[in-house]
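**Student:** One structure is given below, represented as structure tokens, and several questions about it will come after.
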Amino acid sequence: MPPDAARVLAARALRAFGDGAISLLLPVYLTALGFDAFHVGIIATATLLGSAAVTLLMGIVAHRFTRRGTLLAASVLMTATGLAFAFVTDFWPLVLVAFVGTLNPSSGDVSLFLPLEQALLSHTAADRERTRVFAWYSLTGSLVGALGSLFAGLPKLLIARYGLGLLPILDAMFILYALFGLASFALYRQLTPVAEGEVEKPAAPLGPSKRIVYTIAALFSLDAFGGGLVVQTLLALWLFKRYSLPLDTAAVIFFWMGVLSSISFLIAVPISRRIGLINTMVFTHLPSNVCLMLVPMMPNLGLAVALLFARSALSQMDVPTRTSYVMAVVTPGERAVAASVTAVPRSLAAAVSPVLAGALLTLTTFGWPLVIAGALKAAYDLLLLAMFRNVRPPEEDARRP
């Protein structure tokens, strides 16, 4: 793998570890501060809204700045976010920090880093290898994020063995998140000018690919709205409430969910080469959403976790294929902007739904957010297939007789 791509993957790994741990610890931390599920939902929404706002800004002005410089600035913001959460305890200041910072309520990445790294990586591979590169990028995030989720069980072990207080341990976790931001800064500083790519910069944020990008963004937003109902922070909160699940047990469950998702990224590559990117996205994603809708209907924790595992093994195959598809159907000069434009509606749509999920969880423990999320995401799958099954990336056109 080219050195610049390796640096990006290393930074992705650091960020994923922090996100995996914090997404599970965040509801525990906020509950320890005296906040309820609705307040947790508000803070989760603030993180996603803030990410969307910054990503939208980058979509407008990205062609004026280097990706290296923007990634360095984002790393500084990540460090400041971790330190602020470690030392701020009042609700509205926390909401403000969540909005302007890089905190992520899910193990998946929805931050400013994502479109910048995707555009950078798209310059490192030929068309046929593009999906493989993004699969490794997604694999790195998912697998290391799973390790972060497992690491989230550490506070309970420290409390049980050494009698330490919960809040000081959680503050230390946020400081560790800040240190990951500094480490990411060091990695991005080593990026070479080659990472910017030899492409002509667009005169406007989007040009010839505007229509297809906006259509894809609208569909992605539907999927993201459903996904926002079941971000890892709120899914963990539902398991805590429904089954009185201990934190260390939840950490193990989310670790294995992350491992299964990681395996699926690599499986997506040969499948997409055989049946195409769109078909891979739809025909793996649709059954995973059926599993999600069935989870709340299970009579015990074992069956619910089994369905969550089945969903994890299928639901993420569309991640590298989706990224590869967007990068393939736009011109090279539009890739950074297209990544931002398709990411922003996802972040905005996902930002609205956690508040709804938090409100539903204060009323009942049945799991309505999971049912609604599965239904919305299934609708996205069917619409995507209907609208884009005949819009092929270059490598698939080359295989046509």
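The values are calculated or read from the model by the stated rules, or taken from the named source; none is laboratory data. Since the structure is predicted, the reported quantities are computational estimates derived from the model, not experimental observations. Note that each Cβ is placed from the backbone with ideal geometry, even for glycine, and that neighbours are counted across all protein chains shown.
**Student:** With the requirement that a residue be of a type in the set (D, E, K, R), closer than 22 Å to D4 by Cβ and modelled with pLDDT of 80 or more, what does segment 44-96 give you?
**Tutor:** Our first condition is that a residue be of a type in the set (D, E, K, R); within segment 44-96, this holds for 64, 67-68, 90.
Filter once more, keeping what is closer than 22 Å to D4 by Cβ: 64, 67-68.
Residue satisfying the conditions is R68 alone.
**Student:** Somewhere in segment 351-368, is a residue within 29 Å of T70 (Cα to Cα) and surrounded by fewer than 24 Cβ atoms within 10 Å (Cβ to Cβ)? Walk me through it before giving the result.
**Tutor:** Initial filter on segment 351-368 (within 29 Å of T70 (Cα to Cα)): 351-354.
Keeping just the survivors that are surrounded by fewer than 24 Cβ atoms within 10 Å (Cβ to Cβ) gives 352.
Within segment 351-368, one or more residues are within 29 Å of T70 (Cα to Cα) and surrounded by fewer than 24 Cβ atoms within 10 Å (Cβ to Cβ).
**Student:** Let me ask you something else. Hey, among M293, M317, M327, M297, which residue is of a type in the set (A, V, I, L, M, F, W, C), buried (at least 23 other Cβ atoms within 10 Å of the Cβ) and farther than 21 Å from A218 by Cβ?
**Tutor:** M317
**Student:** Kindly check whether there is at least one residue in segment 153-165 that is buried (at least 24 other Cβ atoms within 10 Å of the Cβ), out of contact with any Phe, Trp or Tyr (no Cβ under 7 Å at 6 or more places or on another chain) and outside any helix (DSSP H, G or I). Spell out how you get there, then give the answer.
**Tutor:** Residues of segment 153-165 buried (at least 24 other Cβ atoms within 10 Å of the Cβ): 155.
Then keep just the ones that are out of contact with any Phe, Trp or Tyr (no Cβ under 7 Å at 6 or more places or on another chain); that gives 155.
Filter once more, so that each one left must be outside any helix (DSSP H, G or I): none.
No, there is no match, as no residue in segment 153-165 is buried (at least 24 other Cβ atoms within 10 Å of the Cβ), out of contact with any Phe, Trp or Tyr (no Cβ under 7 Å at 6 or more places or on another chain) and outside any helix (DSSP H, G or I).
**Student:** Right, something else. Does F17 satisfy the condition of being farther than 17 Å from T81 by Cα, in a helix (DSSP H, G or I) and of a type in the set (F, W, Y)? Outline the logic, then answer.
**Tutor:** Details: farther than 17 Å from T81 by Cα: no; in a helix (DSSP H, G or I): yes; of a type in the set (F, W, Y): yes.
No, not satisfied.
**Student:** For the list (1) modelled with pLDDT under 85; (2) over 30 Å from A386 (Cα atoms); (3) buried (at least 16 other Cβ atoms within 10 Å of the Cβ), I need the number of the one condition that K210 fails.
**Tutor:** (2)
**Student:** With the requirement that a residue be of a type outside the set (A, V, I, L, M, F, W, C) and in a helix (DSSP H, G or I), what does segment 344-393 give you? First the steps, then the outcome.
**Tutor:** Going through segment 344-393, the residues of a type outside the set (A, V, I, L, M, F, W, C) turn out to be 345-347, 353-354, 358, 362, 364-365, 367, 369, 374, 377, 380-381, 389-390, 392-393.
Selection gives P345, R346, S347, S353, P354, G358, T362, P369, G374, K377, Y380, D381.
**Student:** Let me ask something else about it. Under 8 Å between Cβ atoms, at least 6 apart or on separate chains: pull out the pairs that start in segment 225-241 with a residue that is under 13 Å from T362 (Cα atoms) and end on any residue that is crowded, with 24+ Cβ neighbours inside 10 Å and β-branched (V, I, T).
**Tutor:** Pairs that qualify, where the first residue is under 13 Å from T362 (Cα atoms) and the partner is crowded, with 24+ Cβ neighbours inside 10 Å and β-branched (V, I, T), are L234/V40; L237/V40.
**Student:** Still on this structure, please answer the following. Among the listed residues P168, P193, which satisfies the condition of being surrounded by fewer than 19 Cβ atoms within 10 Å (Cβ to Cβ) and either modelled with pLDDT of 90 or more or more than 30 Å from E395 (Cβ to Cβ) (or both)?
**Tutor:** Working: P193 fails: either modelled with pLDDT of 90 or more or more than 30 Å from E395 (Cβ to Cβ) (or both).
Result of the check over P168, P193: P168.
**Student:** Return a yes/no flag: does segment 148-171 have any residue that is in contact with a helix residue (DSSP H, G or I) (Cβ under 9 Å, 6 or more places away or on another chain) and under 21 Å from A6 (Cα atoms).
**Tutor:** Yes, segment 148-171 contains at least one residue that is in contact with a helix residue (DSSP H, G or I) (Cβ under 9 Å, 6 or more places away or on another chain) and under 21 Å from A6 (Cα atoms).
**Student:** Of the residues L25, L56, which is touching a residue at least 60 places away in the same chain (Cβ under 8 Å), touching a Phe, Trp or Tyr at 6+ places or on another chain (Cβ under 9 Å), aliphatic (A, V, I, L, M) and at negative phi? Quick ask: steps written out before the conclusion?
**Tutor:** Working: L56 fails: touching a Phe, Trp or Tyr at 6+ places or on another chain (Cβ under 9 Å).
Within the list L25, L56, the selection yields L25.
**Student:** Scan (1) surrounded by 19 or more Cβ atoms within 10 Å (Cβ to Cβ); (2) modelled with pLDDT of 90 or more for the single condition P287 breaks and write down its number.
**Tutor:** So P287 meets the others, but not (1).
**Student:** Would you mind stating whether V341 is in contact with a His (Cβ under 8 Å, 6 or more places away or on another chain) and surrounded by 24 or more Cβ atoms within 10 Å (Cβ to Cβ)? Let's see the steps before the verdict.
**Tutor:** Values: in contact with a His (Cβ under 8 Å, 6 or more places away or on another chain): no; surrounded by 24 or more Cβ atoms within 10 Å (Cβ to Cβ): yes.
No; evaluated as a whole, the condition is false for this residue.
**Student:** Can you name the residue in segment 28-40 that is touching a residue at least 12 places away in the same chain (Cβ under 8 Å), assigned to a helix (DSSP H, G or I) and out of contact with any Leu (no Cβ under 7 Å at 6 or more places or on another chain) and, of all such residues, is farthest from L94 (Cα to Cα)?
**Tutor:** Once the filter is applied, the top-ranked residue is F38.
**Student:** Okay, moving on. Could you grab the pairs with beta carbons closer than 6 Å, sequence gap of 6+ or different chains, first residue in segment 253-281 and closer than 17 Å to R322 by Cβ, second one of a type in the set (D, E, K, R)?
**Tutor:** From residues that are closer than 17 Å to R322 by Cβ, the pairs are V269/R132; G276/E396; I278/R389; M281/D318; M281/R322.
**Student:** Mind telling me which of the residues R389, R322, R335 ends up being surrounded by 22 or more Cβ atoms within 10 Å (Cβ to Cβ), of a type in the set (K, R), farther than 23 Å from P105 by Cα and touching a residue at least 60 places away in the same chain (Cβ under 8 Å)? Before you say what the answer is, go through the steps one by one.
**Tutor:** On the way: R389 fails: surrounded by 22 or more Cβ atoms within 10 Å (Cβ to Cβ); R322 fails: farther than 23 Å from P105 by Cα.
Only one candidate passes the filter, namely R335.
**Student:** Right, another one. Give the residue that is nearest to A375 (Cα to Cα), with candidates limited to residues of segment 223-247 that are in contact with a Pro (Cβ under 9 Å, 6 or more places away or on another chain) and surrounded by fewer than 24 Cβ atoms within 10 Å (Cβ to Cβ).
**Tutor:** First, the residues of segment 223-247 that are in contact with a Pro (Cβ under 9 Å, 6 or more places away or on another chain): 224, 228-238, 240, 242, 247.
With the extra rule that they be surrounded by fewer than 24 Cβ atoms within 10 Å (Cβ to Cβ), the set shrinks to 240, 242, 247.
On the way: F240: 23, R242: 21, L247: 29 Å.
For segment 223-247, the residue satisfying everything is R242.
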